[in-house]
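The values are calculated or read from the model by the stated rules, or taken from the named source; none is laboratory data. Note that this is a predicted model, so its numbers are computed, not measured. Please note: Cβ atoms are built from the backbone with ideal geometry, for glycine as well, and neighbour counts cover all protein chains shown. To get the accessible areas, we keep the full protein, side chains included, count just its heavy atoms, and leave off ligands, DNA and RNA. Shrake-Rupley method; radii C 1.70, N 1.55, O 1.52, S 1.80 Å.
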Amino acid sequence: MGSNIPSTGWGLARICDIFQAEHWGNLNAEDIVQMLLDGRIASHELHALNKFLTRYAAGQNGGSRLPLSDLLDSWGIGKLHSLRRGMWAVYEGHPLLRDLDALIAERVQPATTKYASYKTRARRLSVPPEELPHGWKIALERMADGIPGVALNDGQRQAPPSAPMLVTMRTKLCECILAARKAGVPEEMSVLATTAYEKSLLGRERALSPVTIKSAIRQVRDFARYLGAPDDVLAHLADRVRYHERRANGYTPLKEAKVLALPSYREIFGMAFDLLGEADETKNAKQAQFKRNAAVAMTLFCPFPLRMADTAMFFGREITWDGQMYHFDIALSKSKRSYTAPILPVFGFFIDQLILQGSGPAHLADLRAECFQVRRPLFVTYEGRVPHPRYVSHLWKQVLGTGSHAARTKLHDEFGRLGSRGVDLAMRACGQRGEKTAEAYRTRAFQMLAVEKAHTDMVGEITDAEWREFFS
């Protein structure tokens, strides 16, 4: 411990003397000396902190301040790390720590290389939309305009899908064309092309679930009906959809299995508070920021199950502040409808944690005003940058084992215990209006309640003697 205090240059007298400078504020020199003796701070870290504070105080100009990148332009990475350790020890909870973390991250790995991994992935399973057959592109445009399809022999016209489903259908069609191209068959709506597509789905390197394959074939069938494809093609696709429906019947989708494995809302909140506590204790800035972001992503998007496209929020845009409470002000990506709602204080507390980012609560008002002034993103990475669009779902995956898309099913399961009224409330909360969706969730809620009742009845029939013999 004593080795932290050199016998020359930075002796105790020198340490006590430097704390006479104004930039140290009301710090007690004796406390810092005790920190040196205890090994909580090293002399070179204290020296770096003193040098920085001297520059920082001189850099204040009429209330404005020079950026850290200018003040510390000549400092190497080693010295910056010494400064951070010293500041964390002496000024734990100071807002400048986050700015310093971002500067260190930028010096260690520039943003141009850091974010190269977030580039759009190269296509391996589909062709670009512009390579679809001309007639298919025209049909997709008509679908986007809400125009029904060609009248079939039975006089029916296939209705156009919703905007989100249209995107999914286009993706399946791009996959179908690539499969036909690889199989060497004409790129058209034919039995040969659709058969090649089905084989490609069954032969994926990463096996697809029966439900996923059924959905893909159904999308192609619906598009074929919209086009008014030949009868033999429609009959073939109808037969393949029935086959995959039988194959998927009784299969528990992977998504559903993961949803059933999710903790309860109470447990999720407990995990979030644990993460916040760990973030406050760790000196690793990258881990601390991840834990704070994960805690907020888990809690904020359980009761507000927004789609992934709606989770990229900014202060002063999607999140507003009326002086007492936060509010959502979102144009929902699926329906384009406006979603405005107050955010209860219990959830506002978690938003506060992303404003503070480890700073002390005394700085909240100033940091909140700054966030709204610059319209900062709700989530920022350790480097202080805007994360990729799937970031919230990535955090869910890391902590809860499944992406944030599971939040809607989780909410339906929780509300479904209230019966049909609960299903209706969950539909409204999730922004869902389709009767087919409502019926599917009502059926799911009935099945879950029936299973729970069966378990309860079974437990009630176990005698005391059986409990002692089998469960003691």
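What do you reckon, how do Tyr56, Tyr197 stack up by accessible area (1.4 Å probe), largest on top?
Working: Tyr56 45, Tyr197 0 Å².
Most to least solvent-accessible, the answer reads Tyr56, Tyr197.
With all protein chains kept in place, the per residue accessible area of the range 134-217 amounts to 54 square angstrom at a probe of 1.4 angstrom. Computed with a 1.4 Å probe over protein heavy atoms only, the accessible area of Asp154 comes to about 100 Å². Place a point 7 Å from the Cα of Ile138 along the Cα-to-Cβ direction; which residues of the range 228-246 have their backbone N under 13 Å from it? Those under the cut-off are 228. For the range 124-170 versus the range 269-327, the spacing of their alpha-carbon centroids is 39 Å. Using R0 = 51 Å, the C-beta based FRET efficiency linking Asp280 and Ala309 works out to 0.95. 3J(HN,Hα) along the range 352-359, derived from phi through the Karplus expression 6.51 cos²θ - 1.76 cosθ + 1.60 where θ = phi - 60°, amounts to 4, 5, 7, 6, 6, 6, x, 6 Hz, with x in place of Gly and Pro.
To the nearest 10 Å², what's Met165's accessible area with a 1.4 Å probe? Per-residue accessible area (Met165): approximately 80 Å².
Normalised per residue, the accessible area of the range 257-324 is 45 Å², obtained with a 1.4 Å probe and no contribution from ligands, DNA or RNA.
The accessible surface of the range 235-366, taken with every protein chain in place and a 1.4 Å probe, is 54 percent carbon and sulfur. Surface calculation, 1.4 Å probe, protein heavy atoms: Trp321 sits at approximately 80 Å² accessible. Counted residue by residue at 0.36 nm each, then reduced by the alpha carbon distance between them, the extension gain from Leu37 to Arg247 reaches 68.5 nm.
Taking all pairs of distinct Cα atoms, average 1/r, flip it, and tell me the Kirkwood hydrodynamic radius of the range 218-372 in Å to one decimal place. Intermediate values should be presented prior to the final figure.
Working: mean 1/r = 0.0518 Å⁻¹.
For the range 218-372, inverting the mean 1/r across all distinct Cα pairs yields 19.3 Å.
Put a plus charge on the Cβ of each Lys and Arg, a minus charge on the Cβ of each Asp and Glu, and nothing anywhere else: the dipole of the range 183-314 about its Cα centre is then about 200 debye. Protection proxy ranking of 375-381, 198-204, 274-280, by the mean of other Cβ atoms within 10 Å over each peptide's residues and highest first, is 375-381, 274-280, 198-204. Taking 25 Å as R0, compute the FRET efficiency from the Cβ-Cβ separation of Asp231 and Arg157 and round it to 0.05. Efficiency computed from Cβ-Cβ geometry: 0.95.
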